[in-house]
Amino acid sequence: MDNAKFLEKCKEILVDYFNENVDKTDNFELTEDDVYVVWSCKTLQNNKALLSTNVPDGMYYEITFNGDKNELYFDAYKKHANKCIKL
């Protein structure tokens, strides 16, 4: 899978996941315009991307494409801490 097609699929998967799991009383539906790619990499037949949204919920998402098995793996994370450690 080329990188552009992979990132397009990642945004589609994230939007579907979010909209299926959002609290319906929020009256909000995520679109692909609300999703941004933080980082992505393609190595041989595999792809990985870290994505987030403009929703202030502390969530970020990791999607990996295994080219050998033609499978996508989706992980959703919540940021629990962000602190500076001076060395």
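When a 1.4 Å probe is rolled over the protein heavy atoms, the share of accessible surface on the chain that falls to carbon and sulfur comes to 50 percent. The calculated FRET efficiency for residue 82 paired with residue 37, based on their beta-carbon distance and R0 = 25 Å, is about 0.80. In order along region 16-24, the Karplus-derived 3J(HN,Hα) couplings, from 6.51 cos²θ - 1.76 cosθ + 1.60 at θ = phi - 60°, round to 4, 4, 4, 5, 6, 10, 5, 5, 4 Hz, and Gly and Pro are given as x. So how much slack lies between residue 68 and residue 44, counting 0.36 nm per residue of separation and subtracting their Cα-Cα distance, in nm? Stretched out fully, the residue 68 to residue 44 stretch lengthens by 7.6 nm. The GluC sites (Glu not before Pro) of region 1-50 that DSSP puts in a loop, and whose beta carbon has at most 12 other beta carbons within 10 Å, are 29. The residues of region 10-68 have, on average, 60 Å² of accessible surface per residue, using a 1.4 Å probe with all protein chains present.
Of the residues 64, 31, 43, the one that moves most in a GNM of the chain with alpha-carbon contacts below 10 Å is 43.
Our summary gives the chain a relative contact order of 20 percent, counting only alpha carbon pairs under 8 angstrom and 6 or more residues apart.
The alpha carbons of the chain give a radius of gyration and a Dmax of 14.5, 45 Å, in that order.
Under 17 Å from a label point 7 Å along Cα→Cβ of residue 57: give me every residue in region 15-42 with its amide N that close. Residues 15-37 qualify, since their backbone N sits under 17 Å from the label point. Close amide-amide hydrogen proximity is noted between residue 47 and 65, 67, each under 5 Å apart and 5 or more residues distant or on a separate chain (H modeled in the peptide plane; Pro and chain starts excluded). The string of couplings for region 31-44 from the Karplus curve (6.51, -1.76, 1.60, θ = phi - 60°) is 10, 5, 5, 8, 9, 9, 8, 7, 7, 8, 8, 10, 10, 6 Hz, one whole number per residue in order, with x for Gly and Pro.
The values are calculated or read from the model by the stated rules, or taken from the named source; none is laboratory data. Computed from a predicted model, the values in this text were never measured in an experiment. FYI the Cβ positions are ideal-geometry reconstructions off the backbone, even for glycines, and counts take in every protein chain you see. Heads up: the accessible areas ignore ligands, DNA and RNA and are worked out on the full protein's heavy atoms, side chains in. Shrake-Rupley method; radii C 1.70, N 1.55, O 1.52, S 1.80 Å.
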